[in-house]
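Worksheet for the structure shown next.
The values are calculated or read from the model by the stated rules, or taken from the named source; none is laboratory data. Everything numeric here is computed off the predicted structure, so don't read it as measured data. Cβ coordinates were reconstructed from backbone atoms using ideal geometry, including for glycine residues, and neighbour counts include every protein chain displayed.
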Amino acid sequence: MVVVGAGQAGLAAAFHLRRTGFEPDRDFVVLDHSPGPGGAWQFRWPSLTYGKVHGMHALPGMELTGADPARPSSEVIGAYFTAYERAFGLRVRRPVDVRAVREGRDGRLLVETSAGSWATRALINATGTWDRPFWPRYPGQESFRGRQLHTAQYPGPEEFAGQRVIVVGGGASGTQHLLEIAPYAAATTWVTRRPPVFREGPFDEDAGRAAVALVEERVRRGLPPRSVVSVTGLPLNDAIRQGLADGVLDRRPMFDRIVPEGVAWADGRRVTADVILWATGFRAAIDHLAPLKLREPGGGIRMEGTRVAADPRIHLVGYGPSASTIGANRAGHAAVRDIRRLLAGGPVAA
């Protein structure tokens with residue numbers, strides 16, 4: 001078997017493979033294109049300290065304890081993933097770029113990589129989204145004389161000192177960027193396609209299941225997944241309340257075009273800017289699966305649990321409804337359970 005990706009979902013899957021008797025190198029390999037352990041966390045901006053991380057669940061079998069909340073999350077979680085790989089002897093191969101997955105011989109898949117090729121009876125794809133930042137296209141974008149960057153390139157708030165910054169995006173990253181940048185910037189403007197939805201009160205287990213079910217329904221129909229946060233709304237915590245009171249989170253509707261000195265709306269309004277920061281999310285990094293032609297007419301991959309409906313050899317973990325740390329843990333377990341049935345020649349779960 002081949003596991004592609006060693007973030008939360010990939011390591012959870014590898015853990016459950018080992019737990020059920022499969023041996024690294026002999027029975028399965030874990031391939032990761034990153035330079036070191038930590039998944040996408042190792043690339044997060046320094047101001048995202050561990051204390052600011054929401055909903056980080058421990059990997060199965062080993063808790064994350066005693067972490068300094070003031071330490072960058074990239075360091076805390078990178079060290080935790082390193083210790084986890086060693087504790088369970090997962091022997092991740094890196095850096096390895098998976099270039100394509102094709103139909104092979106004798107019913108196997110052929111996984112082509114920068115380190116050679118593997119033939120496998122089953123594939124667990126856990127490549128996440130970090131490598132596919134989504135950049136919307138707007139008229140005049142190439143004419144902008146300032147700087148444009150995406151959340152994936154966010155360096156921390158100090159770099160925006162004295163600048164006029166437009167943040168585009170209504171998710172958690174957009175609000176966090178605004179709240180961090182505002183004390184340093186000369187001015188900030190918040191722009192979103194839809195009015196933001198703030199969630200009052202606790203987000204309990206029933207609400208979480210309902211949100212995941214909405215995302216799951218999309219992938220079951222072969223539509224591109226939406227993020228879980230897109231259906232849960234933004235938590236109305238103390239920082240958000242203060243940002244609303246201070247006017248930092250004073251949202252404007254999406255502009256119609258970009259001009260050399262900033263952005264403009266059809267009604268004649270303009271905002272001058274030095275920087276446009278696109279906090280517009282990510283898409284699933286699954287281009288290497290393109291040779292298998294798994295996409296449905298709706299643009300997504302139709303799923304049954306973690307399993308690709310069109311090909312039971314392939315499981316996507318950390319995709320759609322499992323694109324959260326706790327969801328990735330559960331998906332890794334579910335994928336291994338299904339793959340054991342597949343390899344044993346029995347029926348897979350519906």
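In the same structural domain as ASP338 (by TED's automatic domain parsing) and either over 27 Å from GLN176 (Cβ atoms) or not aromatic (Phe, Trp, Tyr) (or both): does that describe LEU90? Criteria met by LEU90.
Of the strands (runs of 3 or more DSSP E) lying entirely inside the range 92-188, those carrying at least 1 residues that are farther than 28 Å from LEU236 by Cβ and either of a type in the set (S, T, N, Q) or in contact with a strand residue (DSSP E or B) (Cβ under 6 Å, 6 or more places away or on another chain) (or both) are 98-103, 109-113, 116-120, 123-125, 147-150.
Of all positions in the range 9-16, at least one carries a residue that is touching a His at 6+ places or on another chain (Cβ under 6 Å) and touching a residue at least 40 places away in the same chain (Cβ under 8 Å).
How about the range 93-119: which of its residues are of a type outside the set (Lys, Arg) and in contact with a Gly (Cβ under 8 Å, 6 or more places away or on another chain)? Talk me through it step by step, then tell me what you get.
Kept after step one, since they are of a type outside the set (Lys, Arg), are these residues of the range 93-119: 95-98, 100-101, 103-104, 106-107, 109-119.
Hits for the range 93-119 are LEU110, ALA119.
For the range 59-66, the count of residues that are surrounded by 13 or more Cβ atoms within 10 Å (Cβ to Cβ), over 19 Å from the mean Cα position of the chain (by Cα), in a loop (DSSP other than H, G, I, E, B) and of a type in the set (A, V, I, L, M, F, W, C) is at least one. Among the residues of the range 265-295, those that are surrounded by 16 or more Cβ atoms within 10 Å (Cβ to Cβ) and in a loop (DSSP other than H, G, I, E, B) comprise ALA273, ASP274, ALA279, THR280, GLY281, ALA284, ALA285, ILE286, LEU294. Whether any residue in the range 28-40 is part of a loop (DSSP other than H, G, I, E, B) and closer than 30 Å to ALA344 by Cβ is what I want to check. Yes, the range 28-40 contains a residue that is part of a loop (DSSP other than H, G, I, E, B) and closer than 30 Å to ALA344 by Cβ. Count of the range 299-350 residues, restricted to those that are assigned to a loop (DSSP other than H, G, I, E, B), modelled with pLDDT under 90 and under 29 Å from MET62 (Cβ atoms), is 7. Just one residue in the set GLY262, GLY300 is at positive phi, surrounded by 14 or more Cβ atoms within 10 Å (Cβ to Cβ) and in contact (Cβ under 8 Å) with a residue 12 or more places away in the chain; that residue is GLY262.
Residues in the range 37-47 that are under 16 Å from LEU59 (Cβ atoms) and surrounded by fewer than 23 Cβ atoms within 10 Å (Cβ to Cβ) were compared, and the one that is farthest from the chain's Cα centre (by Cα) is GLN42.
When residues in the range 295-340 are screened for being under 23 Å from VAL53 (Cβ atoms) and of a type in the set (A, V, I, L, M), 5 of them pass.
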